[in-house]
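Below: the structure, in C-alpha cells.
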Amino acid sequence: MSKNQNKTGSYSFFNCIEKNFDKAARFISIEKGLLEQIKACNSVYRMHFPVKIGKEVKVIEAYRVQHSHHKLPCKGGIRYSMKVNQDEIMTLAALMTYKCAIVDVPFGGAKGGIKIDPQTISSENIEKITRRYTSELIKKNFIGPGIDVPAPDYGTGEKEMSWIFDTFLSLRSGDVDALACVTGKPISQGGVRGRKEATGLGVFYGIRELCHVKEEMYSVGLDVGLVGKKIIIQGLGNVGYHAASFFHESGAIIIALAEREGAIYNKKGLNVSKVFLHLKNNGSILNFPEAKNIENTEKALELECDILIPAALENVIHKNNANRIKAKIIGEAANGPITPEADEILDKKGVIIVPDIYLNAGGVTVSYFEWLKNLSHVRYGRMEKKFRENVNAEFLKVIETICKKKISIEEKKMILRGPREIDLVRSGLEDTMINGFHKIRDIKKSLKIENMRTAAFVLSINKIIDSYEKLGIFP
Ligand code: NAD
C-alpha cells in the first residue's frame, strides 16, 4: 500500500477523483460508457533516463500524463518531489482537465513529474535533469505549442521553465511558435506579467467572492466580507505566499503559517512579508520574533480560525484529523488536500469547501494568457495603451470645458492611464474567477447539490460532454 493510500484509507489518489466524479455523474444523464471515456487517462508516459551526478550515474524516474485530448494542446504543471508516482501524476492530470473546463480555458488536462528532491540537488544538476526530461518529451512528441504545454508546479518555477524552452528551441530551431511550448517563463523569456502570483491571486479572488455572499456567510455564522477574517495558510511556496500576501493586504488576519519544519502563530496577525524575509534569512519560518512556534506543523491545521488554506500538498486533511478541523471555510489552494473520507466528515460539519478544480485555476488561466501572447508575438497592451491614453485625454478636456473646472494632476494621472499588460492579465483573471464562482453556485442551487465540489464537477463534466458532442464523438 502506498503512503497515499495510508492517508486516503482504501482509495488511491486517482480513486479519490473518480469518487468525486461519480458523485457528480448522478446529476448528469448520459450513457455510462461516455462518462468512463471522460474519466480515463488517455496517455501515460513513464520514463527512466540516466544522468551523471558527480561521478555517479543516477537513473531518474519521471512521468508525463495526458488525461484528455478533447481539446488540444494538453496543459499542466511539472512537479519535482520524492513523492512523485504514476497514480499522483494521473490524478493531477485529471484535475487539470476538469479545472480547464470550469474556467473556459481550451486545453485538455496533463501533468508531469520527476522523482527528485530539488532541495538536495544542486541547481546545475537540476538543469541537467530538466533538459534531459525535455528531450525525452520531444522524442515521444509529448511537448509542443499545439501538443502539450507544461508549466510550474510543486518544486519548480521560472528557472526550470526557461530550461525547458531553451532545450525545445535548440531541438526545434526555426519553430516560430517555440515560445508557446511552456508557460510560467520569466518575462525576459516570453513570460507574461502576473503569472508568478496568478494561482495565489486566483485563490484570493475566489475566497473574496464567497465572503461577499451573505447567504453563504450566514450559513457558517460569519459576517460578510474579508476584512478581519482569521486565516491559516499551510505552505509558504509560490501559491501559499502570494495568497497570504493578497489576504493580508485586503485586511484579513493571517493568524498562522505552516511549513515543513513547523508552524508559527500569532492571534493578532502575522506580517506576511516580514515572515517571508525571516524565512529567506534563516531558512525556516520558526523563531519569528512576533509569533509562537508550533513544533508539530500538522497541528496548525486544527487551530480555531475562519478560513483554512492548504497550499502545500495532497491528502493533508484526512479521516484522522478532519474531526478536529475548526475552520468554517476551507479553500483548496493545493491540489487534492482533502481525502474523500475527510470531505464527508467536513460536509456533515457544515464546512464550506471551495474545491481545487475551481480555486487554484488562476495559474492555468494566466498560463493560457501567456500561451496566447507567445502565439501572437506581441505584449498585451502594446497596441492600445497609447491610443487609450489619447482618447482619455480628449474626454477629460471635454469634461473640464463643460464643468469649467480643472481636474488635479493626481486625478488626471489615474484617469488618463492606458492598460498595461499586468492590468489586463489581472482583470482577465479576476473576471474568470468571479464568473467561475457564480456558475458553480448557480448549478449548486438549481440542482440542489449538497456542496461546491460536486457542483464544480457537474459544471466541468457538462462542458466536456458539450465539446465531445461538438467534435461529433458523442452522439
Ligand atoms: P512550491 O514548491 O512553490 O511550495 C510548496 C510549499 O509547501 C513549500 O514552501 C514547501 O516547503 C511547503 N511544504 C511542503 N510540505 C509541507 C508540509 N507538510 N507542511 C507545510 N508546508 C509544506 O509549490 P506551489 O507551486 O506553491 O504548489 C503548492 C500546491 O499548489 C501544490 O498542490 C500544487 O499542485 C498546487 N498548484 C500550484 C500551481 C502553481 O501555479 N504553482 C497551480 C495550481 C495548483
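The values are calculated or read from the model by the stated rules, or taken from the named source; none is laboratory data. Values in this document were obtained by computation on a predicted structure and should not be read as measured data. A quick note on method: Cβ atoms are made from the backbone with ideal geometry, for glycine too, and the neighbour counts reach across all protein chains shown.
Name the residue, out of Lys326, Lys274, Lys319, that is crowded, with 16+ Cβ neighbours inside 10 Å, assigned by TED's automatic domain parsing to the domain that holds Phe246 and over 23 Å from Gly363 (Cβ atoms). Explain how you work it out, then say what you get.
Values: Lys326 fails: crowded, with 16+ Cβ neighbours inside 10 Å; Lys274 fails: crowded, with 16+ Cβ neighbours inside 10 Å.
It is Lys319.
Would you call Ile329 more than 13 Å from the ligand (Cβ to nearest atom) and in contact (Cβ under 8 Å) with a residue 60 or more places away in the chain? It would help to see each step written out before you state the result.
Details: more than 13 Å from the ligand (Cβ to nearest atom): yes; in contact (Cβ under 8 Å) with a residue 60 or more places away in the chain: yes.
When the stated conditions are applied, Ile329 passes them.
What's the number of the only condition in (1) within 30 Å of Leu72 (Cα to Cα); (2) touching a residue at least 24 places away in the same chain (Cβ under 8 Å); (3) surrounded by 15 or more Cβ atoms within 10 Å (Cβ to Cβ) that Glu384 fails to meet?
(3)
When you go through Leu424, Leu429, Leu416 one by one, which is the residue that is touching a Ser or Thr at 6+ places or on another chain (Cβ under 8 Å), among the hydrophobic types (A, V, I, L, M, F, W, C) and within 30 Å of Glu209 (Cα to Cα)? Before the answer, list the steps.
Working: Leu424 fails: touching a Ser or Thr at 6+ places or on another chain (Cβ under 8 Å); Leu416 fails: touching a Ser or Thr at 6+ places or on another chain (Cβ under 8 Å).
Checking each option against the conditions leaves just Leu429.
State the number of residues belonging to the stretch 46-68 that are part of a loop (DSSP other than H, G, I, E, B) and at pLDDT 95 or above. Explain how you work it out, then say what you get.
Of all residues in the stretch 46-68, those part of a loop (DSSP other than H, G, I, E, B) come to 54-55, 67-68.
Going one step further and asking which of them are at pLDDT 95 or above, we end up with 67-68.
Going through the stretch 46-68 one residue at a time, the tally reaches 2.
Residues that are in a loop (DSSP other than H, G, I, E, B) and of a type outside the set (Phe, Trp, Tyr): does the stretch 242-249 have at least one? Let's see the steps before the verdict.
Step one: list which residues in the stretch 242-249 are in a loop (DSSP other than H, G, I, E, B), which gives none.
Checked against the condition, which is being in a loop (DSSP other than H, G, I, E, B) and of a type outside the set (Phe, Trp, Tyr), the stretch 242-249 yields no hits at all.
Take Lys299 and tell me if it is surrounded by fewer than 24 Cβ atoms within 10 Å (Cβ to Cβ), over 15 Å from Phe13 (Cβ atoms) and within 14 Å of the ligand (Cβ to nearest atom). Steps first, answer last, please.
Numbers: surrounded by fewer than 24 Cβ atoms within 10 Å (Cβ to Cβ): yes; over 15 Å from Phe13 (Cβ atoms): yes; within 14 Å of the ligand (Cβ to nearest atom): yes.
In short, yes.
Got at least one residue in the stretch 60-74 being buried (at least 17 other Cβ atoms within 10 Å of the Cβ), over 30 Å from Lys448 (Cβ atoms) and either in the same structural domain as Ala342 (by TED's automatic domain parsing) or of a type in the set (S, T, N, Q) (or both)?
Yes, the conditions are met somewhere in the stretch 60-74.
Counting only residues that are among the charged types (D, E, K, R) and within 13 Å of the ligand (Cβ to nearest atom), which one in the stretch 255-271 is surrounded by the most Cβ atoms within 10 Å (Cβ to Cβ)? Reasoning before the result, please.
Going through the stretch 255-271, the residues among the charged types (D, E, K, R) turn out to be 259-261, 267-268.
In the following step, the residues that additionally are within 13 Å of the ligand (Cβ to nearest atom) were identified as 259-261.
Numbers: Glu259: 21, Arg260: 13, Glu261: 12.
For the stretch 255-271, the residue satisfying everything is Glu259.
Which of the residues that make up the stretch 212-246 are more than 16 Å from the ligand (Cβ to nearest atom), free of Cβ contacts under 8 Å to residues at least 60 places away in the same chain and touching a helix residue (DSSP H, G or I) at 6+ places or on another chain (Cβ under 7 Å)?
Residues of the stretch 212-246 more than 16 Å from the ligand (Cβ to nearest atom): 212-230.
Then drop every residue that is not free of Cβ contacts under 8 Å to residues at least 60 places away in the same chain, which leaves 212, 214-215, 217-218, 223-228.
Residues satisfying the conditions are Met217, Asp223, Val224, Gly225, Leu226.
Sort out for me the helices (runs of 4 or more DSSP H) sitting completely within the stretch 142-220 that have 1 or more residues that are buried (at least 23 other Cβ atoms within 10 Å of the Cβ) and small (Gly, Ala, Ser). Reasoning before the result, please.
Numbers: elements: 158-171, 198-211, 214-219.
Filter on the stretch 142-220 gives 198-211.
Just for the stretch 1-45: of the residues that are among the hydrophobic types (A, V, I, L, M, F, W, C) and assigned to a loop (DSSP other than H, G, I, E, B), which one is modelled with the lowest pLDDT? Before the answer, list the steps.
Applying the first criterion (among the hydrophobic types (A, V, I, L, M, F, W, C)) to the stretch 1-45 yields 1, 13-14, 16-17, 21, 24-25, 27-28, 30, 34-35, 38, 40-41, 44.
Keeping just the survivors that are assigned to a loop (DSSP other than H, G, I, E, B) gives 1, 27-28, 30, 40-41.
Numbers: Met1: 41, Phe27: 97, Ile28: 95, Ile30: 89, Ala40: 95, Cys41: 96.
Selected residue: Met1.
Do we have any residue at all in the stretch 417-438 that's exposed (fewer than 11 other Cβ atoms within 10 Å of the Cβ), away from the ligand (no atom under 16 Å from the Cβ) and more than 15 Å from Ala198 (Cα to Cα)? Break it down into steps so the answer makes sense when it comes.
Our first condition is that a residue be exposed (fewer than 11 other Cβ atoms within 10 Å of the Cβ); within the stretch 417-438, this holds for none.
No, that holds for no residue.
For the stretch 197-211, how many residues are β-branched (Val, Ile, Thr) and within 12 Å of the ligand (Cβ to nearest atom)?
Within the stretch 197-211, the subset β-branched (Val, Ile, Thr) is 199, 203, 207.
From the residues that got through so far, the ones that are within 12 Å of the ligand (Cβ to nearest atom) too are 199, 203.
Residues flagged as β-branched (Val, Ile, Thr) and within 12 Å of the ligand (Cβ to nearest atom) within the stretch 197-211 amount to 2.
Those residues that are of a type in the set (D, E, K, R), under 24 Å from the mean Cα position of the chain (by Cα) and modelled with pLDDT of 95 or more, I need them from the stretch 281-324; list them, please. Spell out the reasoning first.
Initially, the stretch 281-324 is screened for residues of a type in the set (D, E, K, R), giving 290, 292, 295, 298-299, 302, 304, 306, 314, 319, 324.
Subsequent filtering for residues that are under 24 Å from the mean Cα position of the chain (by Cα) retains 298, 302, 306, 314.
Hits for the stretch 281-324 are Glu298, Glu302, Asp306.
Would you confirm, using the coordinates I've provided, whether Lys159 is within 15 Å of the ligand (Cβ to nearest atom) and farther than 21 Å from Thr365 by Cβ?
Values: within 15 Å of the ligand (Cβ to nearest atom): yes; farther than 21 Å from Thr365 by Cβ: yes.
Yes: the conditions hold for Lys159.
Here is a check on your reading of the model: is Thr130 without any contact (Cβ under 8 Å) to a residue 12 or more places away in the chain and within 16 Å of the ligand (Cβ to nearest atom)? Walk me through how you get there before you give the answer.
Values: without any contact (Cβ under 8 Å) to a residue 12 or more places away in the chain: no; within 16 Å of the ligand (Cβ to nearest atom): yes.
Taking the combined requirement at face value, the residue does not satisfy it.
List the helices (runs of 4 or more DSSP H) inside the stretch 355-407, counting only whole elements, that have at least 1 residues being out of contact with any helix residue (DSSP H, G or I) (no Cβ under 8 Å at 6 or more places or on another chain). Walk me through how you get there before you give the answer.
Details: elements: 356-359, 362-376, 385-403.
Passing ranges, in order: 362-376, 385-403.
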